[in-house]
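Single-structure report; data block below.
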Amino acid sequence: MVSALVCVALVSGCAQIVSGIPTTLGSYSTTEVAGLPAANGPSGPKTGAPDAPLKVDGTDNGEIDELARNAIADVDAYWAEAFPEVASGKEFQPVKRLVSYDSNAPGRPLCGKNTSHLVNAFYCPPEDLVAWDRGKLLPELESNFGPMAVVTVLAHEMGHAVQNRAGTAKPNDPVIVLEQQADCFTGSYFRHVAEGNSQYFRVSTGTGLNEVMSVLNYIRDSPDVSNFTGGNAHGTAFDRVSAFQYGFSEGPERCAKMDFADVTERTTLFQNWKPAQNETELPIDDKSIEAVTTSLHEVFRDTGAPEPEVTTEPISCRGRQKTAPADYCPATNTISLDLSALREIAQPPSKDSDSTGYGDFAAYAQIASRYALAVQQSAGFELDGEAAGLRTACMVGAWSGLLVEDPIGQRNPVGKLRVLPDDIDEGVSALLGDESLIAANARGEQVPVGFARVEAFRVGVQDGLSPCTTKYEG
Ligand SMILES: [Zn+2]
């Protein structure tokens with residue numbers, strides 16, 4: 001994955017984003033996920049659930065197809081209840097045909113394509129069918145992320161069937177609008193599962209939803225192959241996870257309202273992204289750290305917080321446990337960095353190596369997280385609780401959002417450091433991982449629930465700094 005921090009000419013002043021987009025309703029809670037109890041219980045197929053009696057053309061009657069069939073039946077049952085709300089009272093009709101194929105086998109025609117090497121799952125509007133590759137795609141998803149990954153992808157495809165039936169998208173809407181709606185409908189279905197209303201599956205609001213969001217992260221668009229108006233635009237990880245969260249938190253009505261204007265204002269996919277000539281992946285060195293520190297000074301200047309000192313020397317901070325790869329000492333207002341640990345995080349992620357990295361921006365976000373603690377200390381907030389972790393994620397999001405020169409949202413970036421949507425996605429990936437300071441308090445304790453971590457970060461990216469202290473008080 002290409003990652004870049006791009007420096008371009010400073011064109012704007014210090015305007016803050018005020019997008020006016022409502023974020024999740026209500027205030028925060030560290031024991032709840034959008035109103036449901038936060039828990040790390042089991043996720044996956046329920047034992048003893050019957051096999052769904054759905055007809056699947058081409059099936060080999062293997063385990064993957066059984067899982068897929070049950071997923072479709074479960075999503076059908078959800079939409080039988082929820083569909084009338086988004087379709088002016090109309091009843092939901094299941095799709096006309098379900099097709100399983102093996103992309104490794106000799107191809108056959110399906111929806112104007114050939115199934116040979118077609119590693120995909122899709123909804124085909126003209127034939128009203130949902131099809132999936134049982135040979136490669138679904139087994140890979142299952143082995144990487146567990147069975148709920150298969151359910152996620154099929155719930156998304158059924159989301160397209162729903163929008164087609166309900167007419168929630170307009171014929172000339174760009175693909176990204178359709179995709180955002182489908183991810184959002186996936187989120188609303190998963191709420192039904194998380195509430196315990198599914199016959200076939202269960203998902204925990206902690207690790208369970210984390211895995212589902214990791215699937216969306218995995219199948220994100222890379223902005224160097226996709227752009228906002230592109231015919232294949234599914235959204236960045238930030239966009240996809242955001243849409244899922246809207247559906248989960250606010251229900252299918254929110255998804256139905258996703259239109260061109262809403263999606264344009266909210267998403268991070270660039271309109272005409274071209275690999276910039278001066279694009280670079282910044283190494284973790286003194287020069288980059290200075291650029292990042294300057295950018296943090298600029299973004300947080302209006303808060304009036306005294307600028308913390310940033311050093312690569314180890315510091316002693318009496319009575320406090322150190323955190324890595326960055327450490328904040330409240331008594332001296334100093335941030336100490338562990339460069340080799342930061343370099344590990346800055347390594348680009350790779351499916352083929354044992355790289356534990358997320359990319360350069362994920363490393364810089366760790367520094368920003370400790371800077372956010374300095375800002376919180378100056379404002380009189382407590383630094384060791386869970387709310388501190390959420391405020392931190394929100395402030396790192398606000399900082400990140402103010403570095404994107406977004407030709408769609410017409411943001412006014414602050415300072416000279418610039419990031420690309422890919423960089424924001426590195427932050428999302430790190431937040432979905434186990435060890436990151438982006439949503440951690442001064443003790444380095446990460447907010448336990450991934451959904452809450454990502455949500456707080458998203459609030460900051462979208463709405464800037466002010467909700468970070470008002471929404472996450474305490
Ligand atoms: Zn789709």
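The values are calculated or read from the model by the stated rules, or taken from the named source; none is laboratory data. Bear in mind that the values here come from a model prediction, so they are computed numbers and not experimental data. In this analysis, Cβ positions are derived from the backbone assuming ideal geometry, glycine residues included, and neighbour counts consider all displayed protein chains.
Figures for the structure shown
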{"item": "Candidates 148, 158 - the one that is touching a residue at least 60 places away in the same chain (Cβ under 8 Å), more than 15 Å from the ligand (Cβ to nearest atom), at negative phi and assigned by TED's automatic domain parsing to the domain that holds residue 60", "result": "148"}
{"item": "Selection count, segment 134-156, where residues are crowded, with 24+ Cβ neighbours inside 10 Å and out of contact with any helix residue (DSSP H, G or I) (no Cβ under 7 Å at 6 or more places or on another chain)", "result": "0"}
{"item": "Test: residue in segment 116-125 that is of a type outside the set (Lys, Arg) and touching a residue at least 60 places away in the same chain (Cβ under 8 Å)", "result": "no"}
{"item": "Matching entry among 213, 158 (being part of a helix (DSSP H, G or I) and farther than 27 Å from residue 88 by Cβ)", "result": "213"}
{"item": "Segment 363-381, subset in a loop (DSSP other than H, G, I, E, B) and touching a residue at least 12 places away in the same chain (Cβ under 8 Å), residue surrounded by the most Cβ atoms within 10 Å (Cβ to Cβ)", "result": "381"}
{"item": "Given (1) within 15 Å of the chain's Cα centre (by Cα); (2) assigned by TED's automatic domain parsing to the domain that holds residue 250; (3) more than 16 Å from the ligand (Cβ to nearest atom), index of the condition residue 210 fails", "result": "(2)"}
{"item": "Residues (assigned to a helix (DSSP H, G or I) and not basic (Lys, Arg)) located in segment 295-333", "result": "295, 296, 297, 298, 299, 300, 302, 303"}
{"item": "Residue match in segment 161-170 (condition: surrounded by fewer than 20 Cβ atoms within 10 Å (Cβ to Cβ) and without any contact (Cβ under 8 Å) to a residue 40 or more places away in the chain)", "result": "no"}
{"item": "Matching residues, segment 313-341, being touching a helix residue (DSSP H, G or I) at 6+ places or on another chain (Cβ under 6 Å) and hydroxyl-bearing (Ser, Thr, Tyr)", "result": "328"}
{"item": "Test: residue in segment 419-434 that is in contact (Cβ under 8 Å) with a residue 60 or more places away in the chain, within 24 Å of residue 333 (Cα to Cα) and touching a Ser or Thr at 6+ places or on another chain (Cβ under 8 Å)", "result": "no"}
{"item": "Test: residue in segment 163-170 that is under 18 Å from residue 77 (Cβ atoms) and either more than 13 Å from the ligand (Cβ to nearest atom) or in a helix (DSSP H, G or I) (or both)", "result": "yes"}
{"item": "Test result for residue 120, more than 16 Å from residue 214 (Cα to Cα), surrounded by fewer than 20 Cβ atoms within 10 Å (Cβ to Cβ) and within 16 Å of the ligand (Cβ to nearest atom)", "result": "yes"}
{"item": "Lone unmet requirement of (1) out of contact with any Phe, Trp or Tyr (no Cβ under 8 Å at 6 or more places or on another chain); (2) within 11 Å of the ligand (Cβ to nearest atom); (3) at pLDDT 95 or above for residue 219", "result": "(3)"}
{"item": "Any hit, segment 181-201, residues being more than 16 Å from the ligand (Cβ to nearest atom), modelled with pLDDT under 95 and out of contact with any Phe, Trp or Tyr (no Cβ under 7 Å at 6 or more places or on another chain)", "result": "no"}
